[in-house]
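The values are calculated or read from the model by the stated rules, or taken from the named source; none is laboratory data. Remember, it's a predicted structure, so these values are computed and weren't measured experimentally. Note that each Cβ is placed from the backbone with ideal geometry, even for glycine, and that neighbours are counted across all protein chains shown.
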Amino acid sequence: MDELLSGLRAAAEATRIRILFILSHGELNVSELTHILQQSQPRVSRHLKLMVEAGLLDRHKEGNWVLFRLRDEGLGGALGRAVVDMLPGGEQALAADLLRLEQVRHQRAERARHYFQENAADWARLRSLHVDEVEVEAAMRAMVGPAPVSALIDLGTGTGRMLELFAGQAGQLNGIDQSPAMLAIARAHLDQAGLARAQLRQSDIYALPFANGAADLVTIHQVLHYLDDPHKALVEAARILRPGGRLLLADFAPHELEELRSDHAHRRLGISAEQMSRWLARAGLKLEAHEVLPPPWLKTSQGLTVSLWLARLPAAAEPVAARRERKMVRP
């Protein structure tokens, strides 16, 4: 009762209702909300603080930004969504807010376009070395199959493409990335795809902000070759899988293109099937499928082979991280 009354009091103000409505379309930072609401930052920040404390909104820090969105769970989340659902469709203030929200999304898209325009040569060069992404994505979808997925978490989400690829069969969509710049690009990309329900977080891939068993599908697409310790990332991925959950991996097979190390910050020149099998086994995961996609024919350059792996956390098993933690407990 107290939680419900607190939420009702926090929502009982015109600007706060507008904020709930705006955030029902996706997460935004304070500056973006200030622009949409046409109000001062201190005033907007105060409204946000009260609604976070009442459990209506979630708040998280990402670099220099603080991002807000409607809470997904609990009584506060249900109340926030109920308030939004009751709003009249023809309300002029809300219509004006939506127009300014579209301006914010357009600015995001322009920043993303500018970034890719500046880096187009590097992206095109790298893509020319391996099989077309359309074929890679088709193989990934075939490997996962058409069954519904309750919760998908994409690690090192980059542009958010994996979230878009599996959005049609996944309920919850979460993406994490260490780079605020890439997360800004992912937000613009997902805005254009109409995926306001996707959640993006800045996080360390070795210390994920999710509870044990949070996902039934985890994807890691072209990320492991950047990492100092891929095995540690796989152990953490196994930790957040539910029993019976699956891990889908895409990365390059071993190659000799030193330019990828010097020019593109690759830590590893590909990952062998044998190495991946050892890492997965040590993480408590069972390899179910491995597929190799050879590079296109090139006259003057060596191509890159793309490898896909699908592994499962056995239904009766607990993640390696949990087993280690349990062993440390003394009677």
Are any of the residues in segment 217-235 within 14 Å of the chain's Cα centre (by Cα), at pLDDT 90 or above and in a helix (DSSP H, G or I)? no
By residue number, the members of segment 198-221 that are touching a strand residue (DSSP E or B) at 6+ places or on another chain (Cβ under 6 Å) and under 16 Å from SER150 (Cβ atoms) are ALA198, GLN199, GLY213, ALA215, ASP216, LEU217, VAL218, THR219
Over segment 55-74, the set of residues outside any loop (DSSP other than H, G, I, E, B) and either surrounded by 14 or more Cβ atoms within 10 Å (Cβ to Cβ) or on the phi > 0 side of the Ramachandran plot (or both) is LEU57, ASP58, ARG59, HIS60, GLU62, TRP65, VAL66, LEU67, PHE68, ARG69, LEU70, GLY74
By residue number, the members of segment 138-194 that are touching a Lys or Arg at 6+ places or on another chain (Cβ under 8 Å) and on the phi > 0 side of the Ramachandran plot are GLY160
The lone condition LEU79 fails out of (1) of a type outside the set (Asp, Glu); (2) modelled with pLDDT under 95; (3) touching a Leu at 6+ places or on another chain (Cβ under 7 Å); (4) closer than 21 Å to GLN202 by Cα is (4)
Within segment 34-49, residues among the aliphatic types (A, V, I, L, M) and more than 19 Å from ASP72 (Cβ to Cβ) come out as ILE36, LEU37, VAL44
Just checking, does segment 179-194 include any residue being assigned to a helix (DSSP H, G or I) and under 17 Å from LEU247 (Cα atoms)?
no
**Report entry** LEU293 being on the phi < 0 side of the Ramachandran plot, modelled with pLDDT under 95 and touching a His at 6+ places or on another chain (Cβ under 6 Å)
**Finding:** no
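Conditions (1) in contact (Cβ under 8 Å) with a residue 40 or more places away in the chain; (2) out of contact with any helix residue (DSSP H, G or I) (no Cβ under 8 Å at 6 or more places or on another chain); (3) closer than 11 Å to THR219 by Cβ; (4) surrounded by fewer than 18 Cβ atoms within 10 Å (Cβ to Cβ), marked per residue:
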residue: VAL134; (1), (2), (3), (4): no, yes, no, yes
residue: ALA138; (1), (2), (3), (4): no, yes, no, yes
residue: ALA142; (1), (2), (3), (4): no, yes, no, yes
residue: GLY145; (1), (2), (3), (4): no, yes, no, yes
residue: PRO148; (1), (2), (3), (4): no, yes, no, yes
residue: LEU155; (1), (2), (3), (4): yes, no, yes, no
residue: PHE166; (1), (2), (3), (4): yes, no, yes, no
residue: GLN178; (1), (2), (3), (4): no, yes, no, yes
residue: LEU183; (1), (2), (3), (4): yes, yes, no, no
Taking segment 75-101 and the residues there that are without any contact (Cβ under 8 Å) to a residue 40 or more places away in the chain and more than 15 Å from SER24 (Cβ to Cβ), the one that is surrounded by the most Cβ atoms within 10 Å (Cβ to Cβ) would be ALA96
**OP:** For segment 132-149, indicate whether the set of residues that are modelled with pLDDT under 90, assigned to a loop (DSSP other than H, G, I, E, B), farther than 23 Å from LEU280 by Cβ and in contact with a Pro (Cβ under 9 Å, 6 or more places away or on another chain) is non-empty.
**Re:** yes
By residue number, the members of segment 236-279 that are in a helix (DSSP H, G or I), of a type in the set (D, E, K, R) and either touching a residue at least 40 places away in the same chain (Cβ under 8 Å) or closer than 18 Å to LEU308 by Cα (or both) are GLU236, ARG239, ASP263, GLU274, ARG278
Being over 24 Å from ALA193 (Cα atoms), free of Cβ contacts under 8 Å to residues at least 40 places away in the same chain and surrounded by fewer than 18 Cβ atoms within 10 Å (Cβ to Cβ) narrows SER31, SER45 down to just SER45
